[in-house]
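A.B. asks: I have a structure I would like to understand better, so I am pasting it below and will then ask my questions one at a time.
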Amino acid sequence: MAKSAAIDPFASAKRKAPAAASKAAADIIPAQDITTYDGNSYTKQVLSDAVEAYVQGAEWFDQGKTMKDTNRGPILSLARTVFARDWYRSGKRPSNPVVSTDVNGRGKTVKVVFMNTRNKLDETSYASLANLLGAKSAEEHTLKRDDFLINPDVLEQDAEVLIDGKKQKMGVMSAIAKALQSAFAPSPDILANLFQIVPKFETNKDLIDKGLELVGTSNKQESEIRLASFLEIGRFTTQLKPGALGTD
């Protein structure tokens with residue numbers, strides 16, 4: 001039987017698929033007179049007004065965003081046109097312009113900032129860039145590559161490896177280091193710069209599900225306060241997504 005080829009870990013790296021969105025049913029918490037876990041007291045009316053005001057503010061925010069999105073195009077078109085014209089005439093990139101309703105800049109103004117940044121591309125936007133710059137220049141001035149990540153859970157496992165012709169059990173991380181040290185013995189500087197450490201400091205997944213187990217006590221009132229504090233101190237992502245403003 002033919003010996004199977006060794007697996008190339010980079011060629012076999014899996015692309016992570018985006019998680020599917022799910023929507024869970026929500027319990028209704030009506031506005032009510034209450035003293036909360038942090039010692040604050042609220043009346044039903046105060047909380048009802050807070051919900052009304054928050055939703056109204058969100059509607060105003062959405063209206064403002066729509067106005068900004070609708071009028072962004074004309075402002076950018078004007079700014080790009082004049083900016084490019086001045087750039088060409090002066091021979092150097094101008095300072096970021098301010099678009100104004102008044103020739104002296106005393107009216108309403110919008111500053112347009114052209115930032116010197118890296119920008120994400122897809123095949124369509126790259127094709128447009130290549131059409132503008134030419135294929136050779138577009139290739140020279142863009143970066144397209146696959147970045148590989150090592151699965152940290154695998155690094156912590158033990159595996160049977162072949163060292164100096166002998167099978168032995170070793171931690172995956174140690175085995176990789178030993179193999180790389182042997183392969184790159186003539187070029188140790190490569191190993192010194194091969195990997196980058198990206199610090200990660202976060203709570204474990206599903207921690208929120210262990211709230212009662214971790215902070216609950218035999219005292220009901222104390223447990224409720226501790227659980228509410230847990231939701232704050234655990235830094236669990238909390239989004240407020242207002243719905244339609246109802247009428248009484």
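The values are calculated or read from the model by the stated rules, or taken from the named source; none is laboratory data. For clarity, every value in this text was computed on a predicted model and none was experimentally measured. Heads up, the Cβs are rebuilt from the backbone with ideal geometry, glycines too, and the neighbour counts pull from every protein chain shown.
A.B. asks: If you scan segment 41-61, which residues turn out to be surrounded by 11 or more Cβ atoms within 10 Å (Cβ to Cβ) and under 29 Å from the mean Cα position of the chain (by Cα)? Walk me through how you get there before you give the answer.
C.D. replies: Residues of segment 41-61 surrounded by 11 or more Cβ atoms within 10 Å (Cβ to Cβ): 42-44, 46-59, 61.
Selection gives 51, 54, 55, 56, 57, 58, 59, 61.
A.B. asks: Sticking with this one: If we keep just the residues of segment 1-59 that are closer than 30 Å to residue 146 by Cα and among the basic types (Lys, Arg), which is modelled with the lowest pLDDT?
C.D. replies: The residue in question is 3.
A.B. asks: Another question about this same structure. It is to be established whether one or more residues within segment 138-147 are β-branched (Val, Ile, Thr) and either closer than 30 Å to residue 196 by Cα or modelled with pLDDT under 95 (or both). Before the answer, list the steps.
C.D. replies: Keep residues of segment 138-147 that are β-branched (Val, Ile, Thr), which gives 142.
Imposing the further condition that a residue be either closer than 30 Å to residue 196 by Cα or modelled with pLDDT under 95 (or both) reduces the set to 142.
Scanning segment 138-147, I find at least one residue that is β-branched (Val, Ile, Thr) and either closer than 30 Å to residue 196 by Cα or modelled with pLDDT under 95 (or both), so the answer is yes.
A.B. asks: Within segment 106-144, can you find the residues that are free of Cβ contacts under 8 Å to residues at least 12 places away in the same chain, in a loop (DSSP other than H, G, I, E, B) and surrounded by 11 or more Cβ atoms within 10 Å (Cβ to Cβ)?
C.D. replies: Once the filter is applied, which keeps residues that are free of Cβ contacts under 8 Å to residues at least 12 places away in the same chain, in a loop (DSSP other than H, G, I, E, B) and surrounded by 11 or more Cβ atoms within 10 Å (Cβ to Cβ), segment 106-144 yields only 134.
A.B. asks: Being surrounded by 11 or more Cβ atoms within 10 Å (Cβ to Cβ) and of a type outside the set (S, T, N, Q) narrows it down to one of 230, 201, 148, so name that one.
C.D. replies: 230
A.B. asks: For segment 152-248, which fully contained helices (runs of 4 or more DSSP H) count at least 1 residues that are assigned by TED's automatic domain parsing to the domain that holds residue 57, within 30 Å of residue 38 (Cβ to Cβ) and in contact with a strand residue (DSSP E or B) (Cβ under 7 Å, 6 or more places away or on another chain)?
C.D. replies: none
A.B. asks: Please go through segment 93-122 and give me each residue that is within 35 Å of the chain's Cα centre (by Cα) and more than 23 Å from residue 142 (Cβ to Cβ), ordered by number.
C.D. replies: Hits for segment 93-122 are 94, 95, 96, 97, 98, 99, 100, 108, 109, 110, 111, 112.
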